[in-house]
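A.B. asks: Below: one structure in structure tokens.
Read-outs: derived from the displayed coordinates by stated rules, not from any lab. Note that this is a predicted model, so its numbers are computed, not measured. No Cβ is skipped: glycine too gets one built from the backbone with ideal geometry, and neighbour counts run over all protein chains shown.
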Amino acid sequence: MLAIHFPHLPTDRIARKRWGLSWRSTGRPEAPPIVCSGRQNNAMRLTALDEVAEKIGLRKGQGVAEARAIHPRLDVIDEDTAADRRFLEGIADWCDRYTPLVALDGKDGLFLDITGCAHLFGGEAAILKDILSRLFQMGIDARGAISSSPGLSWAATRFGSGGLIDDERALDVLASLPVAALRVEREMIDALRKVGLKYVGDVMRAPRAPLARRFGAELLLRLDQALGQQEEPISPRRPVASLSAERQLAEPVGTEDQILAIAVQVALSLKLSLEARGIGGRRFELVLFRVDGRVFRIAVGASRPLREAKAIAALFAERLQAIYDDLDAGYGFEILRLNVLHHDILDARQADFDSDRQDEISLSAFVDRVSARLGEDCLQRFALCESHVPERAAISIPAIEAEKHHRQAKGEPFVPFRSERPLRLLAKPEPVEAVLAEVPDGPPQIFQWRRLRHQVARSEGPERLAMEWWIDNAESRDYFRIEDGAGHRFWIYRQGLYGGENPPKWFMHGLFA
């Protein structure tokens with residue numbers, strides 16, 4: 001487990017914007033110390049400092065007026081927690097090149113689960129050196145540590161010298177750290193120091209039962225997590241792809257044709273893995289790592305499982321044509337990765353000679369290409385929904401998800417169209433006025449709808465439909481199928497009952513053929 005701490009994250013963000021990404025490599029220009037300030041306890045205090053501000057004796061939580069008295073030329077900037085969060089998330093995206101299991105650690109840290117990934121970069125020591133050196137070249141101060149537990153890596157990064165900690169040195173390294181390295185509350189740290197427990201080694205040598213009675217179970221839990229005796233899983237910020245393949249390039253690429261050509265090559269390397277599992281991808285993601293560290297993610301979907309490289313590349317071609325003007329290639333992309341985010345079983349079956357299987361495939365390809373170009377919500381299809389309320393019995397879904405929805409409902413019995421239901425259902429029931437009807441449950445005899453008066457010749461009903469009480473608390477409806485003197489047929493319902501507190505209301509809900 002690799003833990004990375006960014007002690008000067010807010011000021012590094014400001015420095016990169018002012019002096020460029022390589023300001024640490026070229027040297028800091030002659031400029032006043034940079035600090036960030038925010039309101040705390042109804043006073044303006046320092047929330048972040050750069051290295052120069054720390055060297056002159058400033059500290060977090062110090063008042064801005066006091067800090068200016070110490071150094072009048074201090075460069076004080078209002079804190080921007082949202083920008084700091086976006087900056088940290090951008091670094092986390094950049095770290096995806098090393099492992100897909102990247103988690104945020106508070107406001108100024110990351111956790112990387114590098115299990116099974118370190119050998120791809122020459123070992124654990126090599127991957128740590130590569131990450132820290134690349135971050136330094138991008139103008140970011142970072143400190144890291146690798147151990148077998150997140151707690152120990154976190155402690156060694158923030159309170160120790162960091163580096164690679166093997167299992168033989170774990171106890172000695174942890175014992176030499178202050179109790180704050182156990183990630184406990186400030187009140188507990190002060191309480192431990194009052195009884196002489198200043199270092200983690202003091203806590204390790206003390207009897208556990210008295211510690212639990214006096215300080216609670218959290219202290220022992222944090223100690224066991226740091227020692228690796230208690231599991232502490234991290235939560236990756238992005239879902240892990242079921243399959244992934246990437247290509248690291250000797251020369252960066254930036255044009256659309258170059259990106260698509262490499263995407264085809266990467267998709268070909270995924271085909272064997274998809275065939276071995278008998279699956280096809282339903283959602284793909286193309287990740288582009290730019291030279292300066294920025295990461296772009298392009299996602300496309302498919303209405304049916306795909307594994308052919310040309311078909312997958314065709315979807316990205318449509319998507320790139322739609323967004324390429326907004327895709328800032330900069331100095332080029334050095335890594336291209338293709339992820340399979342979702343997959344389904346691909347049934348390979350031989351079509352009959354007289355079947356229209358080709359028409360089905362052509363329709364799916366059309367839906368996929370249009371959805372990739374214009375967005376997945378541009379094409380809609382209707383699907384049945386389990387509800388006896390007429391306006392909720394069908395829902396619109398993206399056409400690209402229609403096959404998935406049909407497969408999920410495949411085991412359910414098919415309900416054919418009911419003749420007592422109208423062919424056209426109004427999007428929203430419309431009020432009917434001037435209704436003359438028999439009391440209490442008779443059909444309407446005369447009514448006015450859309451400024452036209454209708455005389456009822458025939459009627460059927462009522463058919464009572466109770467509303468879904470778990471969704472709304474509306475009254476039940478009594479539906480009537482009626483026909484006027486001109487032969488027009490309507491589906492009308494009465495909401496409410498005669499004799500109640502409120503008079504019933506009539507609505508037009510559908511039209512028969």
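A.B. asks: Computed over the Cα atoms, what is the radius of gyration of segment 424-511 divided by 2.2 N^0.38 Å, N being its residue count?
C.D. replies: Here the Cα radius of gyration is 1.06 times the empirical estimate.
A.B. asks: Just how large is the dipole of the chain about the Cα centre, in debye to the nearest 20, putting +1 at every Lys and Arg Cβ and -1 at every Asp and Glu Cβ? Please report the intermediate quantities before stating the final value.
C.D. replies: On the way: 70 positive and 74 negative charges, 230 e Å.
The dipole of the chain has a size of about 1100 debye.
A.B. asks: Please find the FRET efficiency linking A486 to Q321, where r is the Cβ-Cβ separation and R0 is fixed at 56 Å, and quote it to the nearest 0.05.
C.D. replies: Given R0 = 56 Å and the Cβ-Cβ separation, E is 0.60.
A.B. asks: Only Cα pairs under 8 Å and at least 6 apart count here; give the relative contact order of segment 1-142 as a rounded whole percent.
C.D. replies: Details: 195 pairs, mean separation 50.6, N = 142.
Over segment 1-142, the number comes to 36 percent.
A.B. asks: Whole Å is fine, so just give me how far the alpha carbon centre of segment 192-243 lies from that of segment 291-323.
C.D. replies: So the separation of the two Cα centres works out to 44 Å.
A.B. asks: Distance from a point 7 Å along Cα→Cβ of D172 to each backbone N in segment 205-219: keep the residues under 19 Å and list them by number.
C.D. replies: Label zone hits: 205.
A.B. asks: R294: net charge of surrounding residues, Cβ under 10 Å, Lys/Arg +1, Asp/Glu -1, itself excluded? Working shown, then result.
C.D. replies: Working: positive: R290; negative: D93, D292, D328.
Once positives and negatives cancel, what remains is -2.
A.B. asks: Additional query: Reported to two decimal places, what Rg/Rh ratio describes segment 190-280 when computed on Cα atoms with Rh from the Kirkwood expression? Working shown, then result.
C.D. replies: Numbers: Rg = 25.8 Å, Rh = 18.7 Å.
A ratio of 1.38.
A.B. asks: Here is a follow-up. Quick one: go through segment 1-35 and flag any residue whose amide nitrogen is under 12 Å from the point 7 Å out along the Cα-to-Cβ line of I56.
C.D. replies: Hits in segment 1-35 for I56 at 12 Å: 31-35.
A.B. asks: A further question follows. Suppose each label sits 7 Å from its Cα in the direction of the beta carbon; what would the D292-R213 distance come out to in nanometres?
C.D. replies: About 6.2 nm separates the two model spin labels.
A.B. asks: How far is the Cα center of segment 1-68 from the Cα center of segment 110-132, in Å?
C.D. replies: 28
A.B. asks: Among the trypsin sites (Lys or Arg not before Pro) in segment 34-92, which ones are in a DSSP loop with at most 15 other Cβ atoms within 10 Å of the Cβ? Mind listing them? It would help to have the intermediate numbers written out before the result.
C.D. replies: Numbers: sites: R39, R45, K55, R59, K60, R68, R73, R85, R86; in loops: R59, K60, R73.
The qualifying sites are R59, K60, R73.
A.B. asks: Can you tell me, using C-alpha contacts under 8 Å and at least 6 residues apart, the relative contact order of segment 163-227 as a whole percent? Can you show the working numbers first?
C.D. replies: Working: 47 pairs, mean separation 24.3, N = 65.
After rounding, I find 37 percent.
A.B. asks: Using Cα pairs closer than 8 Å and at least 6 residues apart in sequence, work out the relative contact order for the chain, in percent. Walk me through the numbers before you get to the answer.
C.D. replies: On the way: 883 pairs, mean separation 48.0, N = 513.
9 percent.
A.B. asks: Count charges around I234 for me, please; just the other residues with Cβ under 10 Å from its Cβ, Lys/Arg as +1, Asp/Glu as -1. Kindly include the intermediate steps, with their values, before the conclusion.
C.D. replies: On the way: positive: R237; negative: D105, D113, E232.
Result for the neighbourhood of I234: -2.
A.B. asks: Using the Kirkwood radius built from alpha carbon pairs, what does the Stokes-Einstein equation give as D for segment 163-227 at 20 °C and 1.002 mPa s, in µm² per second? Present the calculation step by step, with values, prior to reporting the outcome.
C.D. replies: Working: Rh = 12.0 Å.
Calculated translational D: 179 µm²/s.
A.B. asks: Residue separation times 0.36 nm, minus the C-alpha to C-alpha distance between A434 and R277: what's the value? It would help to have the intermediate numbers written out before the result.
C.D. replies: Numbers: separation 157, 0.36 × 157 = 56.52 nm, distance 6.61 nm.
The A434-R277 span can extend by a further 49.9 nm.
A.B. asks: Then there is this: What's the percent breakdown of Cα-Cα distances in the chain across 20 Å bins, shortest bin first?
C.D. replies: All Cα pairs, binned at 20 Å, distribute as 16, 33, 29, 19, 3 percent.
A.B. asks: Counting other Cβ atoms within 10 Å of each Cβ, which chymotrypsin sites (Phe, Trp or Tyr not before Pro) in segment 306-336 have at most 16 and sit in a DSSP loop? Mind showing how you got there, number by number?
C.D. replies: Values: sites: F316, Y324, Y331, F333; in loops: Y331.
Answer in residue order: Y331.
A.B. asks: Could you work out the local net charge near E246, counting Lys and Arg as +1, Asp and Glu as -1, over the other residues with Cβ closer than 9 Å to its Cβ?
C.D. replies: Working: positive: R97, R247, R337; negative: none.
Net charge around E246: +3.
A.B. asks: Please state, to two decimals, what the Cα-based radius of gyration of segment 2-146 comes to when divided by 2.2 N^0.38 Å (N = residues).
C.D. replies: Working: Rg = 16.6 Å, N = 145, 2.2 N^0.38 = 14.6 Å.
This ratio for segment 2-146 stands at 1.14.
A.B. asks: Which order do D75, D472, D105 fall in if you start with the one that has the fewest other Cβ atoms within 10 Å? Display every interim value, and only then the final one.
C.D. replies: Values: D75 17, D472 8, D105 21.
Starting with the residue having the fewest Cβ neighbours, the order is D472, D75, D105.
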